[in-house]
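The values are calculated or read from the model by the stated rules, or taken from the named source; none is laboratory data. Since the model is a prediction, treat every value here as computed from it, not as a measurement. Don't worry about glycine lacking a Cβ; one is built from the backbone with ideal geometry, like all the others, and counts go over all protein chains shown.
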Amino acid sequence: MQKEQKQQICERLRAYCDQKGSQNKAANSLNGVSSATISKALTGQWDTIADEMWRTIAAQIGGKAEGWQVVNTKAYECMTFTLTNAQTDSLVLAVTGDAGSGKTEAVKNYAAGHTNAYHLTCSEYWNRRTFMGKLLKCMGVSVSGTTVGEMMDDIVDTLKRKDTPLIVLDEADKLTDQVLYFFISLYNQLEGHCGIILTATSFLQKRIERGVRLNRKGYAEIYSRIGRKFVKLPMLNSEDIAAVCVANGLNDNKGINRIINESEGDLRRVKRSVWATLKGGAL
């Protein structure tokens, strides 16, 4: 990894530590990154930090370890606008977008640049304790409670001490019903003080609306708390894809048009195609 890339990551890391309040709190919120590593990075002791660790740090704080330039697509702008409003006005919202639309990238960059904004990517295997432990870690708080109730109290107490906090539960459609119910508890105890956003593919909307129709436990309450509607991100269009290509060094019209036709509006495919084209390879 080039020195310039490491310097960029360090700038983001320093801002991230300031946002979290200290290097120790920043380390607590990052997976696989120790406070000692953060200290070495920020004091220029780079020789003992492997490139993989730099990439690990950058992936979690919104940095660009590989020099990839993020473009403000229409979906990115919509997501950022929604995040800003939710944090400023303590709104509770559900946002849906196609896979590869750039939801996570927008959330990750927003959280890295805004104080008290917490981004948690959800997994289907989490139970209630795992979910709350992950959320506490995301906020830079050590898990001290031993019961589900104590952990929930720690989450609520921590957020109530923050100024306009925001929680983003990314890929919320992966949460089990049992864990998703905690969204209701969070809302009830933090209404008017904390913004909460659920992000996912359209499957989340279908799941919640089906749950309401079938009168399944908790779904009517969840639907009510998100205002009985979903914010739909715009699809990636040819103009967006072309802008991404140009921003990342691909200016050949033929190559850009090929990527537009083959990517199916998926930013992950666009990224792979751009790199393959620039390196003279094939997908």
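Look at GLY149 and say whether it is of a type outside the set (Ser, Thr, Tyr), farther than 20 Å from ASP89 by Cβ and surrounded by 16 or more Cβ atoms within 10 Å (Cβ to Cβ).
Values: of a type outside the set (Ser, Thr, Tyr): yes; farther than 20 Å from ASP89 by Cβ: yes; surrounded by 16 or more Cβ atoms within 10 Å (Cβ to Cβ): no.
For GLY149, the condition - of a type outside the set (Ser, Thr, Tyr), farther than 20 Å from ASP89 by Cβ and surrounded by 16 or more Cβ atoms within 10 Å (Cβ to Cβ) - is not met.
Could you please find all residues in region 174-212 being modelled with pLDDT under 95 and of a type in the set (Asp, Glu)?
Scanning region 174-212 gives ASP177, GLU191.
Do the conditions hold for THR115, that is, is it assigned to a loop (DSSP other than H, G, I, E, B) and either of a type in the set (S, T, N, Q) or in contact (Cβ under 8 Å) with a residue 60 or more places away in the chain (or both)?
It is true that THR115 is assigned to a loop (DSSP other than H, G, I, E, B) and either of a type in the set (S, T, N, Q) or in contact (Cβ under 8 Å) with a residue 60 or more places away in the chain (or both).
Being free of Cβ contacts under 8 Å to residues at least 40 places away in the same chain and not in a loop (DSSP other than H, G, I, E, B) is the filter here, so list the residues in region 25-52 that pass it.
Result: ALA27, SER35, ALA36, THR37, ILE38, SER39, LYS40, ALA41, LEU42, GLU52.
Which condition from (1) touching an Asp or Glu at 6+ places or on another chain (Cβ under 6 Å); (2) closer than 24 Å to LEU13 by Cβ is the one that GLN87 breaks?
In the conditions (1) touching an Asp or Glu at 6+ places or on another chain (Cβ under 6 Å); (2) closer than 24 Å to LEU13 by Cβ, GLN87 misses (1) alone.
Restricting attention to region 132-164, report how many residues are outside any loop (DSSP other than H, G, I, E, B) and under 21 Å from THR199 (Cβ atoms).
Restricting attention to region 132-164, the residues satisfying the condition of being outside any loop (DSSP other than H, G, I, E, B) are 132-138, 148-160.
From the residues that got through so far, the ones that are under 21 Å from THR199 (Cβ atoms) too are 132-138, 155, 159.
So the count comes out to 9.
Could you pull out every one of the helices (runs of 4 or more DSSP H) wholly within region 165-283 that has 1 or more residues that are without any contact (Cβ under 8 Å) to a residue 40 or more places away in the chain and β-branched (Val, Ile, Thr)? Steps first, please.
On the way: elements: 177-180, 182-190, 202-213, 219-225, 238-247, 253-263, 267-278.
Per the criteria, 202-213, 238-247, 253-263, 267-278.
Examine region 131-138 for a residue that is surrounded by fewer than 15 Cβ atoms within 10 Å (Cβ to Cβ), more than 24 Å from ALA15 (Cα to Cα) and small (Gly, Ala, Ser), and state whether such a residue exists.
no
Within region 90-98, does at least one residue satisfy the condition of being part of a helix (DSSP H, G or I), modelled with pLDDT of 95 or more and outside the structural domain of CYS245 (by TED's automatic domain parsing)?
no
Is it the case that some residue within region 193-209 is in the same structural domain as SER123 (by TED's automatic domain parsing), in contact with a strand residue (DSSP E or B) (Cβ under 9 Å, 6 or more places away or on another chain), more than 20 Å from THR82 (Cα to Cα) and among the charged types (D, E, K, R)?
Scanning region 193-209, I find at least one residue that is in the same structural domain as SER123 (by TED's automatic domain parsing), in contact with a strand residue (DSSP E or B) (Cβ under 9 Å, 6 or more places away or on another chain), more than 20 Å from THR82 (Cα to Cα) and among the charged types (D, E, K, R), so the answer is yes.
Is there a residue being charged (D, E, K, R) and crowded, with 16+ Cβ neighbours inside 10 Å anywhere in region 24-38?
yes
Just give me the residues in region 121-130 being part of a loop (DSSP other than H, G, I, E, B) and surrounded by fewer than 16 Cβ atoms within 10 Å (Cβ to Cβ), in sequence order.
SER123, GLU124, TYR125, ASN127
Look through SER273, SER224 and report the one residue that is over 22 Å from the mean Cα position of the chain (by Cα) and within 29 Å of ALA86 (Cβ to Cβ).
SER224
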